[in-house]
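Data block below; observations after.
The values are calculated or read from the model by the stated rules, or taken from the named source; none is laboratory data. A quick note: this is a predicted structure, and the numbers were derived from the prediction, not measured. Cβ sites come from the backbone with ideal geometry, for glycine too, and all protein chains shown count toward neighbours.
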Amino acid sequence: MTETRWLTEQEQEVWRTFISAVDAFVDHLERQIQRDANMPYTYYEILVALSEAPDRTLRMSELAGARSSSRSRLSHAVARLEEVGWVRRLACPTDKRGALAQLTDEGFAALQEAAPGHVTAVREKLFDRLTPEQVVALGEISHALLDGLPEGAARRQALNR
């Protein structure tokens with residue numbers, strides 16, 4: 001068994017600050033999208049993923065992977081999005097067991113209405129606070145973190161679509 005490599009005092013401080021910053025940032029985005037668009041942030045992420053897919057359609061399993069969500073959690077969210085008419089489920093033509101999620105015109109319109117507030121929040125709370133050099137560094141750091149995680153490959157692939 002290998003010996004535990006404990007964090008240094010500096011690493012511990014950076015780790016706690018990083019986690020606090022990410023949590024606070026995501027909390028801010030969740031509150032903003034709920035307040036301004038009356039939808040959970042998870043639903044917004046699903047609409048974005050579908051909007052960027054060919055024909056605004058993805059296999060449910062691919063959508064779950066891109067959102068790092070369990071299939072059951074994603075299925076519940078898609079069911080709620082179906083209820084409001086923003087997404088429809090379709091049978092997969094190539095796999096009888098598979099299902100597709102497709103963004104409707106109403107869902108795309110809801111996304112278009114929600115996006116400006118979300119982008120403003122991201123710009124004001126992230127990019128406007130960083131120098132151009134820090135933005136480049138943040139991108140490099142984020143890629144390095146994703147590359148080191150087993151589920152990071154699926155997320156990175158979804159980003160590069």
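Things worth noting here:
- Which listed residue is touching a strand residue (DSSP E or B) at 6+ places or on another chain (Cβ under 8 Å) and at pLDDT 95 or above, from Gln112, Gln102, Gln134: Gln102
- Helices (runs of 4 or more DSSP H) lying entirely in the stretch 1-74 (those with 1 or more residues that are in contact with a Phe, Trp or Tyr (Cβ under 8 Å, 6 or more places away or on another chain), under 30 Å from Cys92 (Cβ atoms) and small (Gly, Ala, Ser)): 9-37, 41-51
- Among the conditions (1) closer than 20 Å to Ala114 by Cα; (2) loosely packed, with under 15 Cβ neighbours inside 10 Å, the only one that Ala24 does not satisfy is (1).
One line per residue, one yes/no per condition, for (1) buried (at least 17 other Cβ atoms within 10 Å of the Cβ); (2) under 14 Å from the mean Cα position of the chain (by Cα):
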| position | (1), (2) |
| --- | --- |
| Thr2 | no, no |
| Leu7 | no, no |
| Asn38 | no, no |
| Tyr44 | yes, yes |
| Leu63 | yes, yes |
| Leu74 | yes, yes |
| Leu81 | yes, no |
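- Taken over the stretch 104-130, residues that are without any contact (Cβ under 8 Å) to a residue 12 or more places away in the chain, over 24 Å from Arg89 (Cβ atoms) and assigned to a helix (DSSP H, G or I) amount to 8.
- Here the condition is being more than 25 Å from Gly107 (Cβ to Cβ) and modelled with pLDDT under 95; of Thr8, Thr42, Thr2, Thr17, it holds for Thr2 alone.
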